[in-house]
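Let me begin by presenting the structure, written as structure tokens, before commenting on it.
The values are calculated or read from the model by the stated rules, or taken from the named source; none is laboratory data. As the structure is a computational prediction, the values presented were derived from the model and not from experiment. Glycine also receives a Cβ, built like all others from the backbone with ideal geometry; neighbour counts cover every protein chain displayed. Accessible surface is based on the protein model in full, side chains and every heavy atom, while ligands, DNA and RNA are left aside. Shrake-Rupley method; radii C 1.70, N 1.55, O 1.52, S 1.80 Å.
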Amino acid sequence: MMYDQTRAQQPASQNRGSSERRTPGPEPLLPAGERDQVLQRLRHALNTFADAPGDALEEAESAYDEATAHLVKALAARRELLRAGWADQDPESQSEELRHALRQYREITQRLLQL
């Protein structure tokens, strides 16, 4: 992507056209419902800490455990989908499909390393 000096000089409040809007980021690793459920439990733990610190810590630990379990499950499912897309491909004749799979592996691995 090249630097666009004209766009850089425009005020930040100026509306952009639909073709200039950024595309959304990568797909979330966890579905919104699962994320919301874990976040709600974590908020509950934070809000009850003053009254019952031990219970709040147990709740936070449980929310953490739930989040990691959901994440492991989601990553395993993603891996299965990726593998199914390329496992039966001939490496010589299907290089574009294999290249796409490699980019997906790279993206998810980089996201994991940034956690």
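For the reader, a short list of remarks on this structure follows.
- Most tightly packed first, judged by the mean number of other beta-carbon atoms within 10 Å of their residues, the peptides 62-71, 105-114 read 62-71, 105-114.
- Cα shape, region 70-115, gyration tensor, a/c 1.5 rule: oblate
- Accessible area per residue, Å², region 57-103 with all protein chains present, probe 1.4 Å: 76 Å²
- Fraction of accessible area attributable to carbon and sulfur, region 54-106 (%, probe 1.4 Å): 55 percent
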